[in-house]
Amino acid sequence: MALQSDLKPSKDAIAAKVDGKIVDLDRASSSGQPAEFVTAHSDEGVEILRHSTAHLMAQAILELYPGAKLTIGPPIQNG
């Protein structure tokens with residue numbers, strides 16, 4: 001199951017949907033509103049992981065190569 005509507009996220013939950021918007025798990029638990037939990041196994045979860053790892057890679061590149069010029073763009077469909 002990719003989305004859950006329990007109050008407690010599964011160990012695979014990486015984000016949540018509150019009112020149809022993706023939010024982090026802290027915001028979902030503090031909002032007091034019903035949430036659907038997004039797992040890494042869902043299409044939305046894969047997109048979130050690719051987006052986050054793109055930021056991590058960019059930060060690592062800038063630390064290794066301070067003069068590097070980064071470009072912007074969405075992660076590609078297959079990673």
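The values are calculated or read from the model by the stated rules, or taken from the named source; none is laboratory data. These numbers were taken from a predicted model, which means no experiment stands behind them. Every residue, glycine among them, receives a Cβ derived from its backbone with ideal geometry; neighbour counts consider all protein chains shown. Quick note on the areas: whole protein, heavy atoms, side chains included, nothing else; ligands and nucleic acids left out. Shrake-Rupley method; radii C 1.70, N 1.55, O 1.52, S 1.80 Å.
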query: Which of (1) in contact with an Asp or Glu (Cβ under 7 Å, 6 or more places away or on another chain); (2) open to solvent by 100 Å² or more (accessible area, probe 1.4 Å); (3) polar (S, T, N, Q) does Thr39 not meet, given it meets every other one?
result: (2)
- prompt: If you take the residues in the stretch 49-78 that are within 16 Å of Ile14 (Cβ to Cβ) and of a type outside the set (A, V, I, L, M), which one is surrounded by the fewest Cβ atoms within 10 Å (Cβ to Cβ)?
  reply: His55
- prompt: Looking at (1) surrounded by 10 or more Cβ atoms within 10 Å (Cβ to Cβ); (2) at pLDDT below 80, which is the one condition that is false for Val46?
  reply: (2)
query: Could you list, in sequence order, the residues of the stretch 12-43 that are part of a helix (DSSP H, G or I) and at pLDDT below 90?
result: Leu25, Asp26, Arg27, Ala28, Ser29, Ser30, Ser31
statement: Log entry, pairs with first residue in the stretch 15-27 being more than 16 Å from Glu47 (Cβ to Cβ), second being in a strand (DSSP E or B), beta carbons closer than 6 Å, six or more apart or on different chains, reads Leu25/Ala16
message: Please go through the stretch 28-54 and give me each residue that is closer than 25 Å to Ile76 by Cβ and without any contact (Cβ under 8 Å) to a residue 24 or more places away in the chain, ordered by number.
response: Val46, Ser52, Thr53, Ala54
